[in-house]
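Novice: Sharing a structure here in structure tokens format.
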Amino acid sequence: MISFEGRVLLMSGAAGGIGLATARVFAGAGASLALGDLDERRLAEMTAALNLPADRLLLARHDVTDPESSRDLVRQAQEKFGGIDIVVPNAGFYPTDPFESMSVTSWSRTLAVNLDGVFHLCQAALPALRPDAALVLVASMAAHYGSPAHAHYAAAKGGVLSLAKSLAKELAPGVRVNAVSPGLIDTPMVQPLMQARGPELLNATPLRRLGAPEEVANCIAFLASPLSSYVTGATLHVNGGLYIA
Ligand SMILES: NC(=O)c1ccc[n+]([C@@H]2O[C@H](COP(=O)([O-])OP(=O)(O)OC[C@H]3O[C@@H](n4cnc5c(N)ncnc54)[C@H](O)[C@@H]3O)[C@@H](O)[C@H]2O)c1
């Protein structure tokens, strides 16, 4: 049983499928939560969804593409909780875009959310980190496997994996840095892909189903917890066997 009593989680993209599931897992294990998302409406719904005492929950509009927005979220978290123990830069954006017609704007926006956003939040959080901190970056099977019509997203997630390995070396021994690489997880993000190629992809998945957001959340919790105290620079694949590294 993992306990995050007295620990503070800072997470972006918290109002999405994996974000909400992760918030629930950490809240259930006793953590206080500093949560940001661009989608203010769904963020506001998290108060009821999490049902936490006000002194354990901070919700803030946050745009990962803006470094000042990340600094502001960290400032609020530090003021409210006194520091940060776990950072999960989880915000993601997965547009479908054949490479031949991909615009520079689409390429830049996709990199800005999925890669630059991770840089901004992790760098902003550094001064607020307390001893035995853990960063858990959210990559994707696309980083290992490629993703047709999502070359920008796959390239960004490949960058996330390299960033995790570099930070694992640079921030040791005080901070552990690991990544999860989800495969097909049942959230709004994956619906267009499932509509286009669902049966083919499920047939190729040894466990023959989509993953649940909670199954990614549990892996994030493991990598953030003392159960993984000798693990850093690692990538945990959460994909039902669709890609076996
Ligand atoms: N669902 C999957 O199959 C899958 C697979 C591999 C990786 N992932 C990764 O998991 C993470 C969570 O994805 P999800 O499936 O929960 O998707 P989701 O679309 O449900 O959630 C993504 C969240 O990110 C937020 N967001 C988007 N742009 C933002 C920005 N500029 N600033 C702040 N927040 C922003 C959205 O508002 C949304 O709440 C992402 O990094 C995604 O790339 C998901």
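The values are calculated or read from the model by the stated rules, or taken from the named source; none is laboratory data. Treat the numbers as computed from the prediction; the structure is a model and nothing was measured. Here Cβ is always computed from backbone atoms with ideal geometry, including for glycine, and neighbour counts include all displayed protein chains.
Listed here are the residues, each with its yes/no results for (1) on the phi > 0 side of the Ramachandran plot; (2) aliphatic (A, V, I, L, M); (3) buried (at least 23 other Cβ atoms within 10 Å of the Cβ).
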site: A27; (1), (2), (3): no, yes, no
site: T47; (1), (2), (3): no, no, no
site: L58; (1), (2), (3): no, yes, no
site: V64; (1), (2), (3): no, yes, yes
site: S70; (1), (2), (3): no, no, yes
site: Q76; (1), (2), (3): no, no, no
site: K80; (1), (2), (3): no, no, no
site: V88; (1), (2), (3): no, yes, yes
site: D97; (1), (2), (3): no, no, no
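Novice: Next question, about the same structure. Return yes when L73 is within 9 Å of the ligand (Cβ to nearest atom), assigned to a helix (DSSP H, G or I) and modelled with pLDDT of 95 or more and no when it is not. Can you show your working first?
Specialist: Details: within 9 Å of the ligand (Cβ to nearest atom): no; assigned to a helix (DSSP H, G or I): yes; modelled with pLDDT of 95 or more: yes.
No, not satisfied.
Novice: Which pairs have Cβ atoms under 9 Å, sit 6 or more apart or on different chains, and link a residue in region 154-171 that is closer than 15 Å to T232 by Cα and among the basic types (K, R) to one that is modelled with pLDDT of 95 or more and surrounded by 21 or more Cβ atoms within 10 Å (Cβ to Cβ)?
Specialist: Qualifying pairs under 9 Å: K165/V177; K165/A179; K169/V177; K169/T232.
Novice: Please pick out the residue among V64, V136, V113 that is over 22 Å from V8 (Cβ atoms), among the aliphatic types (A, V, I, L, M) and within 12 Å of the ligand (Cβ to nearest atom).
Specialist: None of the other options fit; the residue is V113.
Novice: Which members of region 6-21 meet the condition of being out of contact with any Leu (no Cβ under 8 Å at 6 or more places or on another chain) and more than 9 Å from the ligand (Cβ to nearest atom)?
Specialist: Within region 6-21, G6, R7 qualify.
Novice: Right, another one. Based on this model, can you work out whether L33 counts as more than 13 Å from the ligand (Cβ to nearest atom), surrounded by fewer than 22 Cβ atoms within 10 Å (Cβ to Cβ) and either at pLDDT below 95 or over 27 Å from M194 (Cβ atoms) (or both)?
Specialist: no
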